[in-house]
Amino acid sequence: TELQRLASELGVGHVVRFLGPRYGEEKWAAYGDADVFCYPTLGDAAPLVVLEALAAGLPIITTRTRGMASLVDDGVTGVLVDAGDHDGVADALFELLTCESRRRQMAVAAQARFLENFTADAFRQRFEEAMVRVVKARPLAPALSRRHVLHAGSPGVLRRHGCKREGRQSPVRTAEGPRLGAS
């Protein structure tokens with residue numbers, strides 16, 4: 001491809017790999033072999049590959065587009081550059097590839113950020129906390145006597161706050177989603 005030819009011309013073809021699509025164990029092995037994850041997007045708001053790179057403990061270089069700052073903590077879990085700033089991407093790559101201690105520090109922080117914020121359990125916990133705030137702000141029992149609620153977390157969160165219908169089964173239904181890293 002043109003990118004492979006360019007990498008060869010620039011003298012980096014021996015260290016830059018263009019892997020193409022990877023799935024399952026092969027994908028996680030590729031993350032494990034990498035030192036840095038570089039994703040200079042022009043528009044993705046919150047791509048799954050960035051969450052996967054965080055889970056794999058890779059420092060991330062990406063652009064300040066849409067929701068990226070909510071995923072990557074600039075200077076802590078990676079480096080954010082302006083969209084289209086090719087020199088900024090190159091500088092960030094050079095810094096992380098030549099400073100092993102900084103790269104390792106960001107790698108540890110990246111994985112910690114994923115575990116604290118982006119696992120299914122972390123999402124469920126935040127959702128339950130939000131539901132508790134809603135229930136405390138305005139009792140939902142009268143409304144639930146007429147409606148069913150699809151709740152992605154534990155049904156116990158609503159039951160613990162007085163939302164069980166008298167003489168009938170709780171109207172709360174749960175739904176479980178896929179866990180990141182399972183594929």
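Taking the condition of being part of a loop (DSSP other than H, G, I, E, B), without any contact (Cβ under 8 Å) to a residue 12 or more places away in the chain and farther than 16 Å from Asp35 by Cα, how many residues in region 1-12 meet it?
2
Among the residues of region 16-49, count how many are among the basic types (Lys, Arg) and out of contact with any Asp or Glu (no Cβ under 8 Å at 6 or more places or on another chain).
The qualifying residues number 2.
Considering only residues of region 24-67 that are part of a loop (DSSP other than H, G, I, E, B) and among the charged types (D, E, K, R), which is modelled with the lowest pLDDT?
Once the filter is applied, the top-ranked residue is Asp44.
Checking Thr63 against (1) at positive phi; (2) buried (at least 19 other Cβ atoms within 10 Å of the Cβ), which test does it fail?
(1)
Looking only at region 73-130, how many residues end up being more than 20 Å from Leu48 (Cα to Cα), of a type in the set (S, T, N, Q) and within 18 Å of the chain's Cα centre (by Cα)?
1
May I ask you to verify whether Ala120 is modelled with pLDDT of 90 or more and under 12 Å from Ala56 (Cα atoms)?
When the stated conditions are applied, Ala120 does not pass them.
Answer yes if at least one residue in region 76-91 is under 28 Å from Ala122 (Cα atoms), among the aliphatic types (A, V, I, L, M) and surrounded by fewer than 12 Cβ atoms within 10 Å (Cβ to Cβ), and no otherwise.
No; the residues of region 76-91 include none that is under 28 Å from Ala122 (Cα atoms), among the aliphatic types (A, V, I, L, M) and surrounded by fewer than 12 Cβ atoms within 10 Å (Cβ to Cβ).
For region 13-28, which residues satisfy the criterion of being exposed (fewer than 12 other Cβ atoms within 10 Å of the Cβ) and without any contact (Cβ under 8 Å) to a residue 12 or more places away in the chain?
Selection gives His14, Val15, Leu19, Gly20, Pro21, Glu25, Glu26.
The values are calculated or read from the model by the stated rules, or taken from the named source; none is laboratory data. Here the structure is a predicted model, which means the values were calculated and not measured. A quick note on method: Cβ atoms are made from the backbone with ideal geometry, for glycine too, and the neighbour counts reach across all protein chains shown.
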